[in-house]
Amino acid sequence: MNAWIEIDLGALAHNTATLRETMGDAVDVIAVVKANAYGAGAARFAFELQRLGVPRFAVVWTSEAVALREAGITKPIIVLGHSFPADAPIAVANGVTLTCHSLELGEALSRAATALERTALVHIKVDTGLHRFGVTLDEAVTLGGQLHQLPNLLVEGLTTHMANADEPDDSFADTQDALFAKAAARLPWIPYRHTANSATALRREGLRYQGIRSGLALHGVVPPNSPNPGLRPVLALRARLARVAEVEAGEGVSYGLTWRAERPSRVGLVPVGYADGWRRALGNMGSVLFNSVRCPMVGRVCMDQFLIDVTDQPAAVEGSVVTLLGADGAAGITADEVAAESGTISWDVLASLQARLPRLYVRDGLVEAITA
Ligand SMILES: *Cc1c(COP(=O)(O)O)cnc(C)c1O
């Protein structure tokens, strides 16, 4: 393998247990496994979480939910994003819970559920200030009443999403929660309420309601400005050097020759590029670990490869393993660090990791499964 992602199932179990302990027995940890489980491979990642007893899952597209069903996920799956009425039959056939924003979608779900002699579950999302998705408070009350009348349809959940969850000042969550509480008071018959992502769940005990929607924290990456209950990073990205070459002082490397050797140097070729989700912005900025020692990335990141300076690492040769993300002995590179170096956020670093990288699921140092 040129490069691969390692998913530490022990760390995942630890994080799941830690979050459950922190949230308490009355609060579900809803595993958010959208976007290929933030790069970890949704099918296997979710299957492991189901084995660990996670009671609910959430994704953003209906197709993601259907893929999880095909992967053997039998627990409830909430689609957090928008769905069309045309999605109703497949959602009902797969027992997927949609976020319903219109009577038209509710009617389509009700019809599909009646035809299949099932009950379609839906959640209503209140837009309390993020102004991204959902319906207004008044619309939620009207829609709730209308959906309540439809046969074979059950409004199970009421939800919202916070705008400033991981900002230094998250006090806008109070404003949002006050609106959410109004909606809940006017729709008291809707039993399941959820408002918190990882940051809100960790920072605000009062906003946990019946379930918290956690993606990032399950990966052991703590959102900014949030307390760390002792989570451990789950993902590592490693590669084998494809070549180690000598360059003379003054010679440049990679497109545009933006890095020039100040001394006779050895450069190692890492077979990972921006097509794999390793950001072009990391060129001349980031570093990787070899034998727990940092080696700077030199020159531009290409689509499939980039270079590192291994002049001070005589043991680095073709085939040597380097760590781009995760622990290497006592050293480590965090998603936060890579995010800072590439001008983005940790969620983006993980979710950008692409399909070409094989996923290795590791337990107690042994590879349990590999998915392409
Ligand atoms: C992605 C997402 C989450 C999970 O957020 P994390 O910060 O990764 O825990 C929760 N809720 C909604 C609506 C989301 O889109």
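The values are calculated or read from the model by the stated rules, or taken from the named source; none is laboratory data. Not measured: the values here are computed from a predicted model. Counting neighbours? That spans all protein chains shown, and the Cβs are built from the backbone with ideal geometry, glycine included. Quick note on the areas: whole protein, heavy atoms, side chains included, nothing else; ligands and nucleic acids left out. Shrake-Rupley method; radii C 1.70, N 1.55, O 1.52, S 1.80 Å.
A few remarks follow.
- Binning the C-alpha pair distances of the chain at 20 Å intervals from 0 yields a P(r) profile of 28, 49, 21, 3 %, listed from the shortest bin outward.
- Cα centroids of the range 226-258 and the range 319-345: 8 Å apart.
- Looking at the range 88-137, the pairs of alpha carbons with a distance over 18 Å make up 32% of the total.
- Evaluated at q = 0.13, 0.15, 0.16, 0.21 Å⁻¹: base-10 log I(q)/I(0), Debye formula over Cα of the range 178-295: -0.73, -0.84, -0.90, -1.20
- Counting only DSSP H runs of at least 4 residues, each contributing -39500 (n - 2.57), and dividing by the residue count of the chain, the helix-based mean residue ellipticity at 222 nm comes to -8500 deg cm²/dmol.
- Computed extension gain for Gln210 through Asp348, at 0.36 nm per residue and net of the alpha carbon distance, reaches 46.9 nm.
- Projecting the Cα positions of Cys100, Gly81, Leu49 onto the charge dipole of the range 1-144 (unit charges on Cβ atoms of Lys, Arg, Asp and Glu, taken about the Cα centre) puts Leu49 furthest along the positive direction.
- Label-to-label distance, nm, for residues given as Leu366 and His148 (7 Å Cα→Cβ offset): 5.5
- DSSP-defined antiparallel bridges as percent of all bridges, the chain, nearest 5: 55
- Residue (of Pro191, Leu231, Ile212) at the positive-pole extreme of the range 166-233, dipole from beta-carbon charges: Pro191
- Fluctuation leader among Gly157, Gly250, Gly129 - the chain, Gaussian network, Cα springs under 10 angstrom: Gly250
- Förster radius 45 Å - calculated FRET efficiency between Arg294 and Glu117 (Cβ-Cβ, nearest 0.05): 0.15
- Size estimate for the range 294-350 follows the Kirkwood approach: the inverse of mean 1/r over distinct Cα pairs works out to 12.9 Å.
- Model label sites at Asp336 and Thr258, defined 7 Å from Cα along the beta-carbon direction, differ in position by 2.6 nm.
- FRET efficiency for the pair Ala93 and Ala315, taken as 1/(1 + (r/R0)^6) with r the Cβ-Cβ distance and R0 = 45 Å, rounds to 0.20.
- Cα-derived Rg to Rh of the range 229-372, Kirkwood definition: 0.97
- For the range 1-49, the alpha-carbon coordinates run over 44, 20, 14 Å along the three principal axes, in decreasing order.
- Length released on extending from Phe84 to Ala242, taking residue separation times 0.36 nm less the Cα-Cα span: 52.2 nm
- Ranked order, Tyr38, Tyr255, Tyr274, Tyr209 - accessible area, probe 1.4 Å, largest first: Tyr255, Tyr274, Tyr209, Tyr38
- Stretchable slack from Asn228 to Glu251, in nm (0.36 nm times residue separation minus alpha-carbon distance): 3.8 nm
- Placing +1 on each Lys and Arg Cβ and -1 on each Asp and Glu Cβ, with no other charges, gives the chain a dipole about its Cα centre of roughly 540 debye.
- For the range 247-290, a Kirkwood hydrodynamic radius built from all Cα pairs, placed in the Stokes-Einstein relation at 4 °C and 1.567 mPa s, yields a translational diffusion coefficient of 111 µm²/s.
- Computed from backbone phi, the HN-Hα couplings of the range 115-120 come to 4, 9, 6, 10, 10, 8 Hz, rounded to whole numbers (Karplus: 6.51 cos²θ - 1.76 cosθ + 1.60, θ = phi - 60°; Gly and Pro given as x).
- Relative contact order computed over the chain (Cα-Cα under 8 Å; 6+ residues apart), in percent: 17
- The Cα trace of the range 49-146 gives Rg and Dmax of 13.6, 40 Å, the first to one decimal, the second as a whole number.
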